[in-house]
């Protein structure tokens, strides 16, 4: 039996996780190493040593075997170090009822406790079974754990004593694998440039107890060969001339060039290329491309004179061979050999045109006889152009040209006329009067002859005094026309004149004048005295 302090809150201790180096699961915690080989007296024992190394959330603790630690960042979990196992024990606290009292957290425990609690007797349960050995061969360890026996369901007692114990265990010697390494590299096969260097395998641990054997190339001592290049070897410039290029001319004497070409650039302090090579200064040699073909050379002579001085003519120039073609040169054209001329228009300016004119035909003579005048006018047939001679002013002014015509005497025709009439044969009642032809000009020079009646003097008669002679009626009578139209005297008592007579003309003879006087009377046929 262990004497323990009574807590007002039960504290349950349980081993939650067991960690082993072969198990990578870290559970809730995360640390750099679960089991760390501690260097003791500068010697790696190849075991866990007597300390454990744990890092949790940046906090590192190193603690000996069988000692538990609590990390600040995880107060309800303790870590117990064994020889090769770190056990994480998580404390689970039950609900605490202090009957009205205020619980407090025990600084040595994760759980709350009630103040002034009585002491109770607690004891451990029996040890659980041992775990399997931590290794399958060689020295290992195993562990077992126990818990406090709970005597009161309302409280949890914390036992005083170890909850976990460990012991060493072995399952026989472990197989030892072959261990080997390469020795140092030997000296490079060349002092510069690409060489080789070798190193040989060295067995540091021979295999034991069925361990992994050494590889065949290790057993046989086969070297590892690596390229080496302590420094690049100096490379001198190397160069050569290209082939000569073509001759600078296709015929005759010329030059040909060949240029230097760098085949290897200098490196690593090698001899540099000559400046002439860098500047590509060519090597020049003369060359002969053979005789050059000479083409025919020819030209036109000067043009000859124009065929006309104006108005558009033609002038010629003829080809003249200066040099015949040689050495396969181009021959002269056929027209050159033939001497065909080249023609060109010349003096294309229009020629001067002088005025040309002529007289028109004479017009009719102003007289058919007896020296008349006939006229003609000048007419321009070609107007002057391009500086030609102008027409005379009289031509420009259309001045007439006259000449006499019909100079022979003109025919004189017979000219005649009637003489005055003689006296009338009657003074009234219709008489006759006569006139005779009189020749004024006798015909001459073939003129028209006088009519025969003129020559014969035949008279010309005409009527005269056609009015009726007046009648003198006696007293009591009136002159009236009868049915025959003759005036007759009728008695007044016999009545009026013939009805509808419009006009009666009385011819009163004027003895003094010797002529009649016409008197017009308008009425109904009644003659008034």
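The values are calculated or read from the model by the stated rules, or taken from the named source; none is laboratory data. Please read these numbers as outputs of a predicted model, since none were measured by experiment. Methodologically, a virtual Cβ is constructed for each residue, glycine included, from the backbone with ideal geometry; neighbour enumeration extends over all protein chains shown.
General remarks:
- Scanning the stretch 249-260 for residues that are exposed (fewer than 15 other Cβ atoms within 10 Å of the Cβ), touching a strand residue (DSSP E or B) at 6+ places or on another chain (Cβ under 6 Å) and more than 26 Å from residue 324 (Cβ to Cβ) returns a single hit, 255.
- Residue 218 at pLDDT 90 or above, in the same structural domain as residue 203 (by TED's automatic domain parsing) and either loosely packed, with under 13 Cβ neighbours inside 10 Å or not in a loop (DSSP other than H, G, I, E, B) (or both): yes
- Flag for residue 464 being surrounded by 12 or more Cβ atoms within 10 Å (Cβ to Cβ), at negative phi and modelled with pLDDT under 90: no
- Selection status of residue 190, assigned by TED's automatic domain parsing to the domain that holds residue 220 and either modelled with pLDDT under 85 or surrounded by 12 or more Cβ atoms within 10 Å (Cβ to Cβ) (or both): yes
- Within the stretch 319-345, tally of residues that are within 53 Å of the chain's Cα centre (by Cα) and at positive phi: 1
- Checking 157, 143, 101 one by one, the residue that is at pLDDT 65 or above and touching a strand residue (DSSP E or B) at 6+ places or on another chain (Cβ under 6 Å) is 143 and no other.
- In the stretch 287-296, the residues that are surrounded by 13 or more Cβ atoms within 10 Å (Cβ to Cβ) and not in a loop (DSSP other than H, G, I, E, B): 287, 294
- If only residues of the stretch 124-145 that are without any contact (Cβ under 8 Å) to a residue 60 or more places away in the chain and part of a strand (DSSP E or B) are counted, the one that is surrounded by the fewest Cβ atoms within 10 Å (Cβ to Cβ) is 144.
- Checking each residue in the stretch 304-318 for being over 53 Å from the mean Cα position of the chain (by Cα) and part of a loop (DSSP other than H, G, I, E, B) picks out 304, 305, 306, 307, 308, 309, 310, 311, 318.
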